[in-house]
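Asker: Handing you this structure, nothing more for now.
The values are calculated or read from the model by the stated rules, or taken from the named source; none is laboratory data. Being a predicted model, the structure only gives us computed values, none of them experimental. Using ideal geometry, Cβ is built from the backbone for each residue, glycine included, and neighbour counts are taken over all protein chains shown.
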Amino acid sequence: TLRLCAISEERLGLEVADQADLLTRIRVAQQDDQGLIDASRAAGSEYQVSANWIILGHGRVSVPKVEELRQEVLREAHASKFSIHPGATKMYRDLK
């Protein structure tokens, strides 16, 4: 399971509608992942269901094993202005 972790209150470069759409698609895909559902229901599990019915693992969104969803999450996170590899000049170019 791919896990997302937001370390700041800032958006990851997603428009509000895009972010809501991505989370909705993740929630729908989670409903088809019996392993995630079982884990979220198990007593003492590290998985829990949030107020908006998204399954979280250790407080992070758990993305089911749906390749296109995982790729989209990675694409969005990589394209974010808040992600940068040490030594890279991406943030400098983006802010310029």
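Asker: Kindly evaluate ALA20 against the criterion of being at pLDDT 55 or above, in a loop (DSSP other than H, G, I, E, B) and loosely packed, with under 15 Cβ neighbours inside 10 Å.
Answerer: Considered against the rule, which asks whether it is at pLDDT 55 or above, in a loop (DSSP other than H, G, I, E, B) and loosely packed, with under 15 Cβ neighbours inside 10 Å, ALA20 comes out as no.
Asker: To continue, here is another question. Does the stretch 27-66 hold any residues that are under 21 Å from ALA77 (Cβ atoms), among the hydroxyl-bearing types (Ser, Thr, Tyr) and in a loop (DSSP other than H, G, I, E, B), and which are they?
Answerer: Selection gives SER50 alone.
Asker: Let me ask another. Is it fair to say SER45 is touching a helix residue (DSSP H, G or I) at 6+ places or on another chain (Cβ under 7 Å) and surrounded by fewer than 17 Cβ atoms within 10 Å (Cβ to Cβ)?
Answerer: The answer is yes for SER45.
Asker: List the residue pairs whose Cβ atoms are under 7 Å apart, where the first residue sits in the stretch 35-60 and is more than 16 Å from THR24 (Cα to Cα), the second is exposed (fewer than 11 other Cβ atoms within 10 Å of the Cβ), and the two are 6 or more positions apart or on different chains.
Answerer: GLU46/HIS58
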